[in-house]
1. Restricting to the range 24-46, name every residue that is assigned to a helix (DSSP H, G or I) and either closer than 30 Å to residue 87 by Cα or of a type outside the set (Ser, Thr, Tyr) (or both).
2. Could you pull out the residue among 13, 8, 3 that is over 37 Å from the mean Cα position of the chain (by Cα) and surrounded by fewer than 10 Cβ atoms within 10 Å (Cβ to Cβ)?
3. Kindly indicate the residue of the range 47-65 that is among the aliphatic types (A, V, I, L, M) and more than 18 Å from the chain's Cα centre (by Cα) and also farthest from residue 85 (Cα to Cα) among those meeting that condition.
4. What residue, of 49, 21, 101, is surrounded by 11 or more Cβ atoms within 10 Å (Cβ to Cβ) and part of a helix (DSSP H, G or I)?
Amino acid sequence: MKKHEAKKMQAIKFCMFTAVILMLYQTPVFAAEDPTAIIDSGFDVIYNIIAAIVSALGTIYLLWGVFEWSQSLNTQDGGAQSIAFKRIAAGIVAMLAPQLIPLISSAV
């Protein structure tokens, strides 16, 4: 019975020693100079993708407005021409929005 208790005490001492060593061991951590650079680069990638999509949709909308305007000139319908001009203006705004946002944000 004494051998069993001695082995048990030895195992407890080994576990305690290991726990103390693990608590005292410190791992050096080296951080980047600017920790926000990684996050900013990720958001820049997402912004560039969204800007490309908005610009492409604006181009499609602009072309749709131009074709609609050319068809409305054929019929001499003032309402259709007005809608076509609004679509052309919306397409231009959507196409130029990704280039205008940095200008607006830098002015603020």
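FYI, it's all coordinate maths here, none of it is from the lab. Treat the numbers as computed from the prediction; the structure is a model and nothing was measured. Note that each Cβ is placed from the backbone with ideal geometry, even for glycine, and that neighbours are counted across all protein chains shown.
1. Scanning the range 24-46 gives 24, 37, 38, 39, 40, 42, 43, 44, 45, 46.
2. On the way: 13 fails: surrounded by fewer than 10 Cβ atoms within 10 Å (Cβ to Cβ); 8 fails: surrounded by fewer than 10 Cβ atoms within 10 Å (Cβ to Cβ).
Testing whether each residue is over 37 Å from the mean Cα position of the chain (by Cα) and surrounded by fewer than 10 Cβ atoms within 10 Å (Cβ to Cβ) leaves just 3.
3. As a first pass, look at the range 47-65 and keep what is among the aliphatic types (A, V, I, L, M): 49-54, 56-57, 60, 62-63.
Then drop every residue that is not more than 18 Å from the chain's Cα centre (by Cα), which leaves 56-57, 60, 62-63.
Working: 56: 19, 57: 17, 60: 14, 62: 10, 63: 11 Å.
Within the range 47-65, the match that is farthest from residue 85 (Cα to Cα) is 56.
4. Working: 49 fails: surrounded by 11 or more Cβ atoms within 10 Å (Cβ to Cβ); 21 fails: surrounded by 11 or more Cβ atoms within 10 Å (Cβ to Cβ).
When all the criteria are applied, what remains is 101.
Each row is one residue, and each column tells you yes or no for (1) within 29 Å of residue 44 (Cβ to Cβ); (2) in contact with a Lys or Arg (Cβ under 7 Å, 6 or more places away or on another chain); (3) without any contact (Cβ under 8 Å) to a residue 24 or more places away in the chain; (4) in a helix (DSSP H, G or I).
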{"residue": "60", "(1), (2), (3), (4)": "yes, no, no, yes"}
{"residue": "65", "(1), (2), (3), (4)": "no, yes, no, yes"}
{"residue": "72", "(1), (2), (3), (4)": "no, no, yes, yes"}
{"residue": "88", "(1), (2), (3), (4)": "no, no, no, yes"}
{"residue": "92", "(1), (2), (3), (4)": "yes, no, no, yes"}
{"residue": "97", "(1), (2), (3), (4)": "yes, no, no, yes"}
